[in-house]
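S.K.: Sharing a structure, written as structure tokens. Questions coming.
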Amino acid sequence: MKELDVQIIKLFAAQDGFLSGAQLSKSLGVSRTAIWKQINSLRKQGYQIEASPGQGYKLIHKPDRLTSSEIKAILETQLLGNKVIYLEATDSTNDIAKEHGKIGTKEGLLVVAERQNQGRGRRGRNWHSEPGGLYFSLLLRPRLSLMEVSTITLLVAVSIVQVLRSDYQLAAQIKWPNDILVNNRKLCGILTELSADPETINYLVLGIGLNCNTKLNDWPAEIQAIATSLSNLLGHQIQREKLLNQILVQLEANYLAFINNNFAKLLPLARKFSCLLGKTITINTHEQTYTAKAIDISADGSLLIEKPDGQRCNLWAADVSVRQ
Ligand code: BTN
């Protein structure tokens, strides 16, 4: 049985007009006093609920906050989000998910934060986490080898691009391995962190940062020059809890297919969505910077490149950019 607030939010979502106290109390099997108390608690959380004698309650406005009640009321997944932690502010949702990884929390945990004080990107970079974005981490425990696991970041990127293309009509692309771009500007980044023994993965944390309702002016100038947000692209604010549900539904389907099968089904999509293939790219590793042609994405998720001398090799991790 879901919590009362989750159930009331669900009923409001399904109804445009008033819901009478009697109707609510009958549908949810609790007293009218319990309903009244819960309505007041929702009001304290920023929900504007009109009460009219004889008619009941009507939801006028809900806050743009990703509370765990809002998330639970909308989630249509089985595995991802089977437990939800919502935080107004935290250093990094990945850190919270990792702590849960260490103490044995089962796979599927979703950690969402409104703001991150020390959001992290790849290679120790800072991830600006202003309010209005979608910042979340998932804890997984896949029974995969370390080699297989390297495709998971790409699997996440494919899932998000599928949603952005089909539900938001955006020509999103993947900049291998972990960036999602629209019009060559970064919309979303993925940070995969894991704990493993030589043979087994103990846990895996997928951290996703998506610029949703972020105002471009809230970013420092250097970020404004290279990033974008959904509200900026679409010209209106989006419902973050709806987007989160769409992503998790798609990701769950792809993840389960991947666990039971392999990456083969998703590979054509990873290739189709790539903004690198066929282009000359600049590659930055910890050791060197060089140019090469991006040839293909391989079944193991690596990027096949061809160097100017014709030599081909696969990359599993690097920073790449398209040479202008
Ligand atoms: C990148 O582009 O380098 C990856 C960015 C990942 C950001 C997300 S926001 C949620 C999670 N928590 C973090 O500290 N980082 C990831």
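The values are calculated or read from the model by the stated rules, or taken from the named source; none is laboratory data. Given the structure is predicted, the values throughout are model-derived calculations rather than measurements. Note: ideal-geometry Cβ built from the backbone for every residue, glycine included; neighbour counts use all protein chains shown. All accessible areas refer to the heavy atoms of the entire protein, side chains included, with ligands and DNA or RNA removed. Shrake-Rupley method; radii C 1.70, N 1.55, O 1.52, S 1.80 Å.
S.K.: How tilted is helix 240-260 with respect to the longest principal axis of the chain? Cα atoms for both, answer in degrees (0 to 90, nearest 10).
M.R.: The angle comes out at about 50 degrees.
S.K.: Follow-up question, since we're still on this one. Which order do peptides 301-310, 93-102 fall in by mean Cβ count within 10 Å, highest first?
M.R.: Peptide ranking by packing, descending: 93-102, 301-310.
S.K.: So what is the calculated 222 nm ellipticity per residue for the chain, using -39500 (n - 2.57) for each DSSP H run with n of 4 or more, over all residues, to the nearest 500 deg cm²/dmol?
M.R.: Result for the chain: -9500 deg cm²/dmol, rounded to the nearest 500.
S.K.: Hey, rough spin-label estimate for residue 264 and residue 20, points 7 angstrom out along Cα→Cβ, what's it come to in nanometres?
M.R.: About 5.9 nm separates the two model spin labels.
S.K.: A follow-up question, please. How many Å³ per residue does the convex hull of the Cα positions in the chain occupy?
M.R.: Working: hull volume 48.1 nm³, N = 324.
Per-residue hull volume (Cα only) is 149 Å³.
S.K.: Now, a different point. Sorting check: for 10-16, 167-173, 195-201, which peptide has the highest mean count of neighbouring beta carbons within 10 Å, and how do the rest follow?
M.R.: Ranked by mean Cβ neighbours within 10 Å, highest first: 167-173, 10-16, 195-201.
S.K.: For the chain, which whole-number percentage of the solvent-accessible area (1.4 Å probe, protein heavy atoms only) is attributable to carbon and sulfur atoms?
M.R.: Ligands and nucleic acids excluded, carbon and sulfur reach 48 percent.
S.K.: Tell me the label-point distance for the pair residue 146, residue 290, using the 7 Å Cα-to-Cβ offset, in nm and rounded to one decimal.
M.R.: Roughly 2.4 nm, to one decimal.
S.K.: Within segment 1-90, list the GluC sites (Glu not before Pro) lying in a DSSP loop whose Cβ has at most 10 other Cβ atoms in a 10 Å radius.
M.R.: 76
S.K.: How charged is the neighbourhood of residue 192? Take every other residue with its Cβ under 12 Å from the Cβ of residue 192, and add Lys/Arg as +1 and Asp/Glu as -1.
M.R.: Values: positive: 98, 120, 122; negative: 193.
With Lys, Arg at +1 and Asp, Glu at -1, the neighbours total +2.
S.K.: If you don't mind, another one. Express the Stokes-Einstein translational diffusion coefficient of segment 192-324 in µm² s⁻¹, to the nearest whole number, given a Kirkwood radius over alpha-carbon pairs, 20 °C and a viscosity of 1.002 mPa s.
M.R.: This corresponds to a translational diffusion coefficient of 119 µm²/s.
S.K.: What is the calculated FRET efficiency for residue 43 to residue 82, with r their C-beta to C-beta distance and R₀ = 41 Å, to the nearest 0.05?
M.R.: With R0 = 41 Å, the Cβ-Cβ based efficiency is 0.90.
S.K.: To continue, here is another question. I'd like to check one number: the per residue accessible area of the chain, probe 1.4 Å, reported in Å² as a whole number.
M.R.: Heavy-atom accessible area per residue stands at 47 Å².
S.K.: What is the helix-to-structure angle for 93-102, meaning the angle in degrees between its Cα long axis and the longest Cα principal axis of the chain, kept from 0 to 90 and rounded to the nearest 10?
M.R.: For helix 93-102, the angle is close to 90 degrees.
S.K.: Around residue 225, with a cut-off of 12 angstrom between Cβ atoms, what is the net charge of the other residues, counting Lys and Arg +1 and Asp and Glu -1?
M.R.: Local charge sum for residue 225: +1.
S.K.: Related question: I want the local charge near residue 301. Using Cβ-Cβ distances under 13 Å, sum +1 for each Lys or Arg and -1 for each Asp or Glu among the other residues.
M.R.: Residues near residue 301 contribute -2 overall.
S.K.: Efficiency by 1/(1 + (r/R0)^6): what FRET value for residue 168 and residue 3, r their Cβ-Cβ distance, R0 = 35 Å, to the nearest 0.05?
M.R.: For R0 = 35 Å, the calculated efficiency reads 0.70.
S.K.: Could I have the simple spin-label model distance between residue 118 and residue 106, label points 7 Å from Cα toward Cβ, reported in nm to one decimal?
M.R.: 3.2
S.K.: While we're on this one: Determine the distance separating the Cα centre of segment 84-112 from the Cα centre of segment 246-303; give it in Å without decimals.
M.R.: 26
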